[in-house]
Amino acid sequence: MENGLLVKTEEGSPQGGPLSPLLANIYLNEYDQEMARRGVPVIRYADDIVVLAKSKRAAERLLETTQRYLEGKLKLKMNVEKSKVVSVFAIRNFKFLGFALGKGKNGIYIRAHAKPLKKAKAKLKELTSRSQGRNVRVVMQKVKVYIRGWLGYFGIASMKTTMQEWDGWLRRRFRCYIWKQWKNPRTRIKNLMKLGMLQWQAYRNGNSQKGYWAVAGSGILTHSITNKRLVAAGYFEILNYYESLHLCD
């Protein structure tokens, strides 16, 4: 099945609550039954509908018949601007409940769409903002809660490389966060020595004129605030948790 068409109604109950999908299941039940009678594969959640076809021409016919059925038979209004024929593998044009499909050497796989990935990373950036003044352990716990919830939904997607990249990026952000909290050179020198750095090295690095982000990515912190020490402080390893969700795949 190479093509799909997305049909979404414009009217309905306020979104975000349990009432919307419940009402959609009631008023679109006839549509589900009609498509099943015709033998047409349909994926639907609330009023978000994907109708699958084997060719572009077949999909175009289904789009027309779907519009006639929804608006003529069920008296519903179809959003014609969002309802179109697209390949389900076209990530820029196809998104369903935050997901898209990909095709690789091992076959078809599920992936998270670029939009929710971008939104999640923006949220992580907000949570780890170095201007908030909270204890780093508190911030790590907030990130953990968010990531566990986000992966509870998007964890089925194939995105191992992305999770690995997020881990590296977040570790650097936490090192940056800690470096700023140490504030002045005297505190930095003292803490670097506590972490095992020689006095002369701690003095030189503690007085570094580099910016926060540059120091966080340098050996000054990667060799002192190691990944292991971050975990001991409460850092939640995203890749490990993601892989644990796929142990039975």
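Here the convex hull built on the C-alpha positions of the chain has a volume of 165 cubic angstrom per residue.
For a quick protection proxy, order the peptides 98-111, 142-155 by their average other-Cβ count within 10 Å, most packed first. List each step's numbers first, then the result.
Numbers: 98-111: 12.6, 142-155: 15.9.
Peptide ranking by packing, descending: 142-155, 98-111.
Placing unit charges on each Cβ (+1 for Lys and Arg, -1 for Asp and Glu) gives the chain a dipole about its Cα centre, and among P41, H113, N205 the Cα reaching farthest toward its positive end belongs to N205.
Dipole magnitude for the chain: computed about the Cα centre from +1 point charges on Lys and Arg Cβ and -1 point charges on Asp and Glu Cβ, it is near 1660 debye.
In straight-distance terms, cross-link reach from K183 covers every one of the lysines whose alpha-carbon lies under 20 Å from its own, apart from those fewer than eight places away in the same chain; here that gives K194, K210.
Considering only Cα-Cα distances, which of the following residue pairs are longer than 31 Å: K54/K115; K160/K228; K105/K125; K56/K121? Beyond 31 Å: K105/K125; K56/K121. In a reduced charge model with +1 at each Lys and Arg Cβ and -1 at each Asp and Glu Cβ, the range 92-171 shows a dipole moment near 140 debye about its Cα centre. Output the 0 to 90 degree angle, nearest 10, between the alpha-carbon long axis of helix 185-194 and the longest principal axis computed from the alpha carbons of the chain. Around 90 degrees separate the two axes.
Per residue, the chain exposes 60 Å² of solvent-accessible protein surface, assessed with a 1.4 angstrom probe and all protein chains in place.
Taking Cα pairs under 8 Å and at least six residues apart, what relative contact order does the chain come out at, in percent?
On the way: 276 pairs, mean separation 39.9, N = 249.
Relative contact order here is 16 percent.
As a fraction of the 1.4 Å probe accessible area of the range 59-131, surface on carbon and sulfur atoms comes out at 51 percent.
The values are calculated or read from the model by the stated rules, or taken from the named source; none is laboratory data. Owing to the predicted nature of the structure, the values given are computational and were not obtained by experimental measurement. Every residue, glycine as well, gets a Cβ built from its backbone with ideal geometry; the counts of neighbours run over all protein chains shown. Keep in mind that these areas ignore ligands, DNA and RNA; they rest on the heavy atoms of the full protein, side chains included. Shrake-Rupley method; radii C 1.70, N 1.55, O 1.52, S 1.80 Å.
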